[in-house]
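**Q** Can you read through this structure? Questions will come right after.
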Amino acid sequence: MNGPASVASPEKVTIPVSGMTCAACSSRVQRTLARQPGVAGASVNLMLENAVVAYDAAAVTPEQLVEAIRATGYGAELASRDQTAFQEQEALDRGRQEEYSALRLKVGVSLVLASVGMVISMPVMSAPMTGEHAGHGTGEGAAAGDPFMNWVHGAIDPWLAGAMPWLYQVDVQLLVYALLGMTVVTMGWAGRHFYTRAWKAFRHHAADMNTLVATGTGAAFVFSLAATFFPDFFLDRGVAPAVYYEAVLFIIALVLLGNMLEARATTQTSAALRKLVDLQPVVARLQRGDAEVEVPVAEVVQDDVVLVRPGERIPVDGEIVEGRSAVDEAMLTGESLPVEKGPGDAVIGGTVNRTGAFRYRVTNLGADSVLSRIVRLMRDAQGSRAPIQDLVDQVTGVFVPVAISIAIATFAVWFVVGPEGALIPAFAAAVAVLIIACPCAMGLAVPTAVMVSTGKGAEAGILIKGGEALQRARDVTTVVLDKTGTVTEGRPAVTDVVLAPGGEGTEDGRAEDRMLALVAALEASSEHPLGEAIVRHAEGRGIPRLRVERFDSVTGRGAVGEVGGVPVAVGNARLMADHAVDISAMEEVAASLGGRGRTPMFVAVDGSLAGIIAVADPIRETSRAAIERLGRMGLDVVLLTGDNRRTADAVAAEAGIQRVVAEVLPEGKLEEIRRLQEAGAVVAMVGDGINDAPALARADVGIAMGSGTDIAAEASDVVLMRGDLQGVPSAIHLSRRTFRTMRQNLFWAFVYNTAAIPVAAGVLYPFFGILLSPILASAAMALSSVSVVTNSLRLRTLRLA
Amino acid sequence: MTTWDVVVIVGAVAAIAWVNWYFFFAATEGAPRRGGEGESAP
């Protein structure tokens, strides 16, 4: 959790980075940034194509960081400071779309060229090996070349010879030149970036996926080139001068196809984020003087008055000045029921007005708006790293050079130990090893899972602030709940109205209404939260407000005054004693209410006891169910409160919590969490995020209950947008499932690479005669990346409720 | 074992040694390369 930074208070900057293709790329940029002076921490995300750097502004500037990234061979540029999260996201999406279109064209063209190349290579393969031209590895007597091509040759050559006999009349050398031409086009245009990026990496002593593709295809190309122009050199040594152009064509086409599918799938992982960005309306209807004008949202300024009609989307954040309505905030908070709003209530840009029309005054704009902050927070979260990623980086960092070493060894072993003239299969095996060793799937395993699940959480009103929080939430053993505002509503409400025995009108509630009317009138002048609860309760019952003639607040006791000429006193027993009111008839009722955690207030009207109004902070409707769910998930639940033991016990009993720690001061909460942690518990602390900030920060996972508009809760790792404790089990459930997905992804990626490399090297050949074709290797590699992304996308179907 | 076999074995051992030296050891030796001549992006 928010560990101490190595600099006083580091600044944070997000730098978009372009040109990264795999985990090795991002870890290289990350290492470079971490090495810069004054950098406290750097997190580079392959999916979001950015680097989030915490740095000491006195030691380094963002411009220097950008320079450092560029020197590594990748593109970097600082985003403009006033750019909102929307503009950033839109720019990112646009860039991605362009890249995707370009990639699609390359895939299309290179696949066509590869298919044509395969057809052309059939007559080449059938031609007898002579010194006049290069052929293919299947010439008589030669050991098996590319096994896949041999199989294809066996399958389609007879048919092709019948269907296109003219092709077999063409001079073989001419066909080889045609293949060479197509290969040059594919390598120089469609696959150009593999070579340029591999070269850039190489110059920095680094190797990544591009290195493997470039070396594999490059070696095959150079070999084929030699076979094309100097076939005699091979023939003299008893080796068939085979060409491998169609393998190069297919490898590039298939790796590009894999990249394209991967790009399409990763776009889907940020779908939730894009949905949020799309919530931003384009125009707002403003009141300017007496006129209504429609203006673009970008031109709205602070304190403008906006008009909203039923069914319209609320354009920007603000506070209602006139009118009432129900507002659908589901898209931001996950709350399915529309929320009633009236004058003074905050409305959030992007939410939908349902029933009424209202006017509101604009409060937050641009980058400060709630929606923009959520988008930014989610982008940062999606760009953050899960700790498990460190393991992946360590592996991928050594993987590529090791794979190259294995490929060289494979070639040597085949050459020395293999059958006579084993140069061709030796070469095929080495190329297959290079191609299949690409650690793309490993690089995608963790970030895609983080992206999908943070998006999934946001849809349900659960904002998880990063991969680290996501991973830690899975280990939580104990959930500590703050009472006020977390388990309870955090707003006192009238729970009981009890009339003194012997009063009139008790049957039809008239006496109750009259008592409430008198007390509400009095309390309307008070600012005490208990008084506010009574006023709200009276308003809710439609009781008309009476006029107050006199009002006095008696500190620590209650309030006295005169309403409609009648003297009224509301307060505790001491206030009643001050006014010589006999409360003996209701003392028992008061004690019983107190025992249930409620605060009883005696009401005296005209000098005699009229009844008791009890006020309490009621527990949230969903709290009990949520706590049961936490119990079923095997988690210990602890109620932590500064309140007295009696109230705490009452709330705990109602909510179904067994362990209660009451009467703790705010510092005590911190101490209590430390104590639990020392006892070996991994603690999630749930609080309102304001009073509990130190405890939230101390806990392994701090969960803040937001109220919809308040997402800034800095100290927390998770923000629940909706005031609903159900978000806590949901968040932990999401975390557990996400971690499982990451582990599955990593398992398959590792297994795939570790199992496939020996097969590609030919260990099965002596026993079963199985040799992996480089073409099949490239297809398998593309498939493995796609399968990892697809597995992460499965998280989208998770039910969180 | 032919001469070619010996050549290939020696070459392979040398290549593997070089690859590992270049990517693991040469990368950490001395200061990281700074942008300068020969560093223009292709």
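The values are calculated or read from the model by the stated rules, or taken from the named source; none is laboratory data. What you see is a predicted model; the values in this text were computed from it and never measured. Reconstructed Cβ throughout: ideal geometry from the backbone, glycine too, with neighbour counts over all protein chains shown. Remember, those area values only see protein heavy atoms, side chains included, never the ligands or the DNA or RNA. Shrake-Rupley method; radii C 1.70, N 1.55, O 1.52, S 1.80 Å.
**Q** Given the peptides A:596-607, A:444-455, A:351-362, arrange them by the average over their residues of other C-beta atoms within 10 Å, most packed first. Intermediate values should be presented prior to the final figure.
**A** Values: A:596-607: 21.3, A:444-455: 29.2, A:351-362: 19.0.
Output ranking for A:596-607, A:444-455, A:351-362: A:444-455, A:596-607, A:351-362.
**Q** Here's a follow-up. Inside 10 Å of the C-beta atoms of B:3-11, what's the mean count of C-beta atoms belonging to other chains?
**A** Numbers: counts 0, 5, 4, 1, 1, 9, 4, 1, 4.
Per residue, the average neighbour count from other chains is 3.
**Q** Here's a follow-up. Which of rounded, prolate or oblate describes the range A:522-574 when judged by the alpha-carbon gyration tensor and an a/c cut-off of 1.5?
**A** Because a/c hits 1.5 or more and a/b fails to exceed b/c, the range A:522-574 counts as oblate.
**Q** What is the gain in length, in nm to one decimal, between A:ASP578 and A:GLN744 on full extension, counting 0.36 nm per residue of separation less the C-alpha to C-alpha distance?
**A** 52.6 nm
**Q** Assuming 0.36 nm per residue, please report the length gained on full extension of the stretch A:ARG646 to A:ARG796 beyond their Cα-Cα distance. Let's see the in-between values first.
**A** Numbers: separation 150, 0.36 × 150 = 54.00 nm, distance 4.38 nm.
Length gained, A:ARG646 through A:ARG796: 49.6 nm.
**Q** How high is the FRET efficiency from A:PHE233 to A:VAL417, r the C-beta distance, R0 25 Å, rounded to 0.05?
**A** The computed FRET efficiency comes out at 0.60.
**Q** Counting only helical runs of four or more DSSP H residues, what would the 222 nm mean residue ellipticity of chain A come to if each run contributes -39,500 (n - 2.57) and the total is spread over all its residues? Can you show the working numbers first?
**A** Numbers: 27 runs with 397 residues, N = 801.
So the helix-based figure for chain A works out to -16000 deg cm²/dmol.
**Q** Per residue, how large is the accessible surface of the range A:577-689? Use a 1.4 angstrom probe and give square angstrom.
**A** Computed with neighbouring chains in place, this is 47 Å² per residue.
**Q** Kindly identify the range A:457-570 as rounded, prolate or oblate by the Cα gyration tensor criterion: order the square roots of the eigenvalues as a ≥ b ≥ c, call it rounded if a/c is under 1.5, otherwise compare a/b with b/c, prolate if a/b is larger, else oblate. List each step's numbers first, then the result.
**A** Numbers: a/c = 3.19, a/b = 2.64, b/c = 1.21.
Taking the square roots of the gyration eigenvalues as a ≥ b ≥ c, the range A:457-570 is prolate.
**Q** For the range A:244-310, what D do you get in µm² per second when you plug the Kirkwood radius from alpha-carbon pairs into Stokes-Einstein at 37 °C and 0.692 mPa s? The partial results should precede the final answer.
**A** Values: Rh = 16.4 Å.
The diffusion coefficient I find is 200 µm²/s.
**Q** Could you please report the charge total around A:THR61, scoring K, R as +1 and D, E as -1 over all other residues with beta-carbon less than 12 angstrom from its beta-carbon? Write down the numbers at each step before the final one.
**A** Values: positive: none; negative: A:GLU11, A:ASP56, A:GLU63, A:GLU67.
Once all neighbours under 12 Å are counted, the net charge is -4.
**Q** With +1 on the Cβ of every Lys and Arg and -1 on the Cβ of every Asp and Glu, and nothing else charged, how large is the dipole of the protein assembly as shown about its Cα centre, in debye rounded to the nearest 20?
**A** 1600
**Q** In whole Hz, what ³J(HN,Hα) sequence does the range A:442-449 give by Karplus (6.51, -1.76, 1.60; θ = phi - 60°), x for Gly and Pro?
**A** Whole-Hz 3J(HN,Hα) from phi for the range A:442-449: 5, x, 8, 4, 8, x, 5, 5.
**Q** With the radius of gyration and the Kirkwood radius both derived from the Cα set of the range A:361-430, what is their ratio Rg to Rh?
**A** Ratio of gyration radius to Kirkwood radius for the range A:361-430: 1.55.
**Q** To the nearest whole number, what is the average tally of beta carbon atoms from other chains within 10 Å of the beta carbons of peptide A:409-418?
**A** That works out to 4 on average.
**Q** Something else now. What percent does the relative contact order of the range A:296-451 come to when contacts are Cα pairs within less than 8 Å and at least six residues apart?
**A** It comes to 21 percent, rounded to a whole number.
**Q** Local charge sum around A:ASN745 (other residues, Cβ-Cβ under 14 Å, Lys/Arg +1, Asp/Glu -1)?
**A** Value of the local net charge: +3.
**Q** Between the range A:570-635 and the range A:408-452, what's the alpha-carbon centroid distance in Å?
**A** 75
**Q** I would also like to ask the following. Residues of the range A:203-233 losing 30 Å² or more of accessible surface, assembly versus chain alone, probe 1.4 Å, please list them.
**A** For the range A:203-233, once contacts with the other chains are taken into account, A:ARG203, A:HIS204, A:HIS205 lose 30 Å² or more.
**Q** Could you please state, rounded to a whole Å, how far the C-alpha centre of the range A:511-525 is from the C-alpha centre of the range B:1-17?
**A** 100
**Q** Sticking with this structure for a sec: Using alpha carbon coordinates only, what is the Rg to Rh ratio of the range A:714-801, with Rh defined as the Kirkwood radius?
**A** 1.24
**Q** Also: Averaged across the residues of A:396-408, what count of C-beta atoms belonging to other chains lies within 10 Å of each residue's C-beta? Write down the numbers at each step before the final one.
**A** Values: counts 0, 2, 3, 0, 2, 8, 5, 1, 6, 8, 1, 4, 10.
For this peptide, the per-residue mean of nearby foreign Cβ atoms is 4.
**Q** Listed highest first by mean packing, meaning other Cβ atoms within 10 Å per residue, what order do A:195-203, A:660-668, A:747-755 come in?
**A** Details: A:195-203: 18.9, A:660-668: 14.3, A:747-755: 16.1.
The most tightly packed comes first, giving A:195-203, A:747-755, A:660-668.
**Q** Where does the range A:251-290 land on the Kirkwood hydrodynamic radius, alpha-carbon pairs, in angstrom? Don't jump to the answer; show the numbers that get you there.
**A** On the way: mean 1/r = 0.0739 Å⁻¹.
Its Kirkwood hydrodynamic radius stands at 13.5 Å.
**Q** Relative contact order for the range A:517-565: what percent, with Cα pairs under 8 Å and sequence separation of 6 or more?
**A** Worked out over the range A:517-565, it gives 39 percent.
**Q** Which whole number in µm²/s is D for the protein assembly as shown by Stokes-Einstein, with the Kirkwood Rh taken over Cα pairs at 37 °C and 0.692 mPa s? Write down the numbers at each step before the final one.
**A** Values: Rh = 31.7 Å.
In µm²/s, the coefficient rounds to 103.
**Q** Need one number: buried accessible surface between chains A and B, 1.4 Å probe, both sides summed, DNA, RNA and ligands left out, in Å² to 100.
**A** What A and B bury together is about 2100 Å².
**Q** I would also like to ask the following. At a threshold of 8 angstrom on Cα-Cα distance, excluding pairs fewer than six apart, so keeping six or more, what relative contact order does the range A:526-610 reach in percent?
**A** Answer for the range A:526-610 is 22 percent.
**Q** Order the peptides A:515-524, A:613-622 from the highest to the lowest mean number of other Cβ atoms within 10 Å of their residues.
**A** Per-residue mean Cβ counts within 10 Å order the peptides as A:515-524, A:613-622.
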